[in-house]
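K.L.:
Let me begin by handing over the structure; questions about it come next.
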Amino acid sequence: MKKVRPSIGDLAKKLSVSKTAVSIILNGEAQASRFSDKLIKRVRSAAEKSGYHPNLFAQGLRTGKINIVGLMVEDISNPFYASIAKRIEEKVYQNGYKIAYCSTENDKQRGKEFLSMFTTMGVDGCIIAPTRGMEKEIKEMVDNGMNVVLFDRKFGNKATDSVMVDNRGGMYEAVKHLIDRGFTNIGLVALALDKPEKEDRVIGYNEAIADHGLTPHVFPLPFREQYLSYVEEIEAFLVRNRQLDAVVFGTNYLGISGLQAISRLELKIPDDIAVVSFDDHDLFRVYKPNITVVAQPIEEIAQTAIDTLLARMQNSEQSPIKNIILPTLLIARNSS
């Protein structure tokens with residue numbers, strides 16, 4: 001027979017103590033209520049032996065806090081998001097919180113459902129890499145008192161704290177790096193979630209190309225769950241544009257797919273085509289030749305996001321919205 005989880009009432013009856021006393025002790029408020037150490041020890045020992053665990057949702061209704069932070073990313077298996085998530089988890093734990101993860105897979109409906117889940121759970125705050133189409137729901141969460149920090153992407157409204165990197169400047173620097181080394185036919189393979197011309201990395205590329213009087217070659221791609229599906233598309237783009245002597249990839253997974261496409265075409269890097277990727281990856285450091293990247297400051301992104309959220313959660317007074325932009329770092333390697 002399945003074992004029934006004991007309730008506070010069961011523990012109170014067993015110990016001949018009031019339900020209120022048991023609840024206060026198990027919710028960590030015993031010292032403030034001046035219960036004896038002996039009674040605190042009895043209650044906690046009985047709870048442990050019986051397998052009792054507090055109901056976080058009920059606790060949240062009483063206290064307004066469940067000590068859980070929600071983290072929503074595009075794809076938790078992506079090394080960039082996984083690294084961010086790992087660091088955020090460590091930092092929230094150090095501050096007495098747990099974390100609930102979810103991946104949107106760039107699906108706005110899925111993202112909206114997870115936002116609803118966070119609201120229903122009553123999480124104390126959220127760190128979100130948003131998908132387009134979630135603007136209204138996120139604003140409603142903030143208007144209803146939810147603490148939210150956006151990272152990686154942000155919206156036009158000024159209602160939410162955000163932590164971004166200088167995508168535009170980082171991409172400009174990547175293209176200029178190639179131009180300074182004599183490359184003149186430079187393509188860009190980039191993730192374009194809505195309108196490519198509005199994506200900061202595409203804007204940075206176009207600005208660098210225009211400033212140096214070159215011709216743009218932009219190949220926007222939609223988000224796909226299976227990154228390997230990009231390989232054939234990138235290969236076809238390179239075949240159609242044989243004149244390219246360099247290519248920049250807008251994300252690390254596009255860069256990895258691009259390396260496979262280049263290999264299938266039996267092109268040599270950098271003799272036939274130079275390569276730069278936005279976002280570093282372990283593969284880029286060991287690949288021969290190793291790949292030039294625009295690296296994002298993962299540790300700083302995670303630290304800044306959680307510091308911003310904790311400050312918002314722990315400060316009852318309204319403070320100005322923060323829109324923080326962190327610098328990227330061009331790491332020149334043998335592919336360029």
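The values are calculated or read from the model by the stated rules, or taken from the named source; none is laboratory data. None of these values were measured; they are calculated from a predicted model. Cβ: placed from backbone, ideal geometry, glycine included. Neighbour counts: every protein chain shown. Accessible surface is based on the protein model in full, side chains and every heavy atom, while ligands, DNA and RNA are left aside. Shrake-Rupley method; radii C 1.70, N 1.55, O 1.52, S 1.80 Å.
K.L.:
In Å³ and rounded to a whole number, note down the convex hull volume per residue for the Cα atoms of segment 93-143.
P.N.:
Output value, Cα hull per residue: 81 Å³.
K.L.:
Return the sequence-ordered ³J(HN,Hα) values of segment 106-115 in whole Hz as given by the Karplus equation 6.51 cos²θ - 1.76 cosθ + 1.60 applied to θ = phi - 60°, using x for Gly and Pro.
P.N.:
Computed from phi, the couplings for segment 106-115 are 6, 9, 5, 5, 4, x, 5, 5, 5, 4 Hz.
K.L.:
May I pose another question? In segment 137-194, what trypsin sites (Lys or Arg not before Pro) fall in a loop by DSSP, with at most 13 other Cβ atoms inside 10 Å?
P.N.:
Answer by residue number: Lys158, Arg181.
K.L.:
Further, regarding this structure: Quickly work out the Ser16-to-Met313 label distance, labels modelled 7 Å from Cα along the C-beta direction, and quote it in nm with one decimal.
P.N.:
4.2 nm
K.L.:
Tell me which residues come under 5 Å, amide H to amide H, from Asp161 once H is placed; ignore anything under 5 positions away on its chain.
P.N.:
The answer is Val148, Leu150, Lys322.
K.L.:
For the chain, modelled as a Gaussian network with Cα springs under 10 Å, which listed residue fluctuates most, Gly170, Gly250, Gly182?
P.N.:
Largest GNM mean-square fluctuation: Gly182.
K.L.:
Residue farthest toward the positive end of the dipole of the chain, with Cβ of Lys/Arg at +1 and Asp/Glu at -1: which of Asn315, Leu39, Pro289?
P.N.:
Leu39
K.L.:
Another one. Give me the net charge for the shell around Val175: Cβ to Cβ below 15 angstrom, other residues only, Lys and Arg +1, Asp and Glu -1.
P.N.:
-4
K.L.:
With no solvent and one equal point scatterer placed on each C-alpha of segment 212-313, evaluate the Debye formula and give log10 I(q)/I(0) for q = 0.15, 0.25 Å⁻¹, two decimals.
P.N.:
Evaluating at q = 0.15, 0.25 Å⁻¹ gives log10 I(q)/I(0) of -0.67, -1.43.
K.L.:
Continuing with the same structure: Given an 8 Å cut-off on Cα distances and at least 6 residues of separation, report the relative contact order of the chain as a percent.
P.N.:
Numbers: 536 pairs, mean separation 53.3, N = 336.
Computed over the chain, the figure is 16 percent.
K.L.:
Now a separate question. In deg cm²/dmol and to the nearest 500, what is the mean residue ellipticity at 222 nm of the chain if only DSSP H runs of at least 4 residues count, each as -39500 (n - 2.57), divided by the residue total?
P.N.:
-14000 deg cm²/dmol
K.L.:
Give, rounded to the nearest 20 debye, the magnitude of the charge dipole that segment 86-138 has about its Cα centre when Lys and Arg contribute +1 at Cβ and Asp and Glu contribute -1 at Cβ.
P.N.:
100 debye
K.L.:
For the chain, which longest stretch is free of loop sites, where a loop site is one of the GluC sites (Glu not before Pro) that DSSP puts outside H, G, I, E and B and that has at most 16 other Cβ atoms within 10 Å?
P.N.:
106-224
K.L.:
For the chain, which whole-number percentage of the solvent-accessible area (1.4 Å probe, protein heavy atoms only) is attributable to carbon and sulfur atoms?
P.N.:
49 percent
K.L.:
Mind listing the phi-derived Karplus ³J(HN,Hα) values for segment 203-208, rounded to whole Hz, using 6.51, -1.76 and 1.60 with θ = phi - 60°, and x for any glycine or proline?
P.N.:
Each residue of segment 203-208 in turn: 4, x, 4, 4, 5, 5 Hz.
K.L.:
Now for a different question. Scan around Asn241 for amide H atoms under 5 Å from its own, H built in the peptide plane at 1.01 Å from N, and keep only partners 5 or more places away or cross-chain.
P.N.:
Those lying under 5 Å, H to H, from Asn241: there are none.
K.L.:
Report the local net charge at Leu188: Lys and Arg +1, Asp and Glu -1, summed over other residues whose C-beta lies under 11 Å from its C-beta.
P.N.:
0
K.L.:
Hey, another quick one. Quick one: P(r) of the chain from all Cα-Cα pairs, 10 Å bins, percents rounded to integers, in order of increasing distance.
P.N.:
P(r) for the chain, in whole percents per bin: 5, 22, 26, 19, 13, 8, 5, 2, 0.
K.L.:
Just to confirm, what accessible area per residue do you get for segment 214-324 at 1.4 Å probe, in whole Å²?
P.N.:
48 Å²
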